[in-house]
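FYI, it's all coordinate maths here, none of it is from the lab. All values reported here derive from a predicted model rather than from experimental measurement. Cβ placement follows ideal geometry from the backbone for every residue including glycine, while neighbour counts extend to all protein chains displayed.
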Amino acid sequence: MEYRDTIAKLYATWDSIAELCAPLSESQWKTATLCPGWSVQDNLSHLIGTERALAGLPTTEHRSAGGDHVKNPIGEFNEHEVDVRRDRSGAEVFNEWREIAAQRRQFLDSAPDDYFETKTMTPTGPGTMADFLHIRVLDCWAHEQDIRDALGIPGHQGGPAAEHTIDRLIRTLPIVVGKRAATPEGRGVVVQLTGPVERTIPVLVTNGRAAFVESVVDPLATLTMDSMTFVTLALGRRSAAECAWSSTGDATLAGRIASQLNMMI
């Protein structure tokens with residue numbers, strides 16, 4: 001079943017996080033990342049908080065002071081779970097992560113099929129538990145990459161979890177191309193990802209709406225970047241001016257698209 005494939009990607013990401021974090025020093029745990037206000041340790045604390053909530057365990061009663069980067073209730077929840085763990089060592093937080101990940105793995109391996117069809121609220125709106133886990137792969141893999149980026153330890157940039165995340169981020173490209181970048185009626189653009197995850201993504205505006213198509217004849221602009229640059233822009237971690245990408249065709253339109261790729265709430 002499809003959700004089993006999703007779980008396999010989630011486990012692969014958890015295993016990669018465990019291997020990455022096991023040898024970290026306390027100074028590495030406290031290293032700042034591109035997530036505003038968050039250290040390496042804070043990224044893992046966030047993952048812990050969400051997994052505890054999914055497991056039905058009590059969430060913290062602690063309340064953080066927040067910050068300008070907190071934009072919505074999900075952000076508030078995340079910040080409380082992060083802040084409550086800030087006075088702990090990185091090793092303590094890592095041990096808590098390993099414990100909750102093991103508990104969740106045991107539960108998911110034995111959960112009946114109907115559990116995954118349970119209705120629930122996901123970060124993107126109403127859905128099922130399978131939908132939530134599909135988003136969870138993106139969240140865990142993205143924060144693994146935040147940790148790797150901060151520490152200069154690249155890895156796990158390709159493979160099923162990376163492809164899963166990038167394909168989810170690609171879903172909102174029509175909004176970027178059509179609504180945000182105002183690509184003209186009847187014209188299209190192509191976004192070319194060169195790897196490690198390779199994708200060719202044609203988007204055409206028809207009847208006032210942008211949509212994916214099989215191909216675009218004479219694209220108004222073509223943007224070319226590696227898949228990790230696309231992830232960085234789509235997650236809002238860096239601006240287009242800070243990243244390496246290129247374009248052909250309408251440079252102004254290409255610039256609007258690249259600068260509007262941030263798709264995270």
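What percent does the relative contact order of the chain come to when contacts are Cα pairs within less than 8 Å and at least six residues apart? Let's see the in-between values first.
Working: 370 pairs, mean separation 40.8, N = 265.
Relative contact order for the chain comes out at 15 percent.
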Length added when fully stretched, Asp5-Arg209, from 0.36 nm per residue minus Cα-Cα: 70.2 nm
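Just to confirm a number: summing +1 for Lys and Arg and -1 for Asp and Glu over residues other than Leu151 whose beta-carbon lies under 15 angstrom from that of Leu151, what do you get?
On the way: positive: Lys30, Arg148, Arg237; negative: Glu19, Glu26, Asp42, Glu144, Asp146, Asp149.
Summing Lys and Arg as +1 and Asp and Glu as -1 gives -3.
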In sequence order, calculated HN-Hα J values of the range 217-224 (Karplus, 6.51, -1.76, 1.60; Hz; x Gly/Pro): 7, 6, x, 5, 8, 10, 9, 10
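Under unit Cβ charges (Lys, Arg +1; Asp, Glu -1), what dipole magnitude, rounded to 20 debye, does the chain have relative to its Cα centre?
For this selection, approximately 580 debye.
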Highest-fluctuation residue, Asp83, Asp109, Asp167 considered, GNM on the chain with Cα pairs under 10 Å: Asp109
Max mean-square fluctuation residue, GNM over the chain, Cα-Cα springs under 10 Å, options Val217, Val189, Val176: Val217
Theoretical ellipticity at 222 nm over the chain - DSSP helices of four or more residues, -39500 (n - 2.57) apiece, nearest 500: -15000 deg cm²/dmol
Exposure proxy ranking, count of Cβ atoms within 10 Å, fewest first, for Arg209, Arg98: Arg209, Arg98
Cβ-based net charge around Trp38, under 13 Å, with every Lys or Arg adding one and every Asp or Glu removing one: -2
The range 123-265: relative contact order in percent, alpha carbon pairs under 8 Å with at least 6 residues between: 20 percent
Residue exposure sequence - His80, His62, His46 - by fewest surrounding Cβ within 10 Å: His62, His80, His46
Qualifying GluC sites (Glu not before Pro) in the range 15-63, DSSP loop, other Cβ atoms within 10 Å at most 12: Glu61
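How about the range 133-174: which trypsin sites (Lys or Arg not before Pro) there lie in a loop by DSSP and see at most 16 other Cβ atoms within 10 Å? Let's see the in-between values first.
On the way: sites: Arg136, Arg148, Arg168, Arg171; in loops: Arg171.
For trypsin sites (Lys or Arg not before Pro) across the range 133-174 that sit outside H, G, I, E and B with at most 16 neighbouring Cβ atoms in 10 Å, the list reads Arg171.
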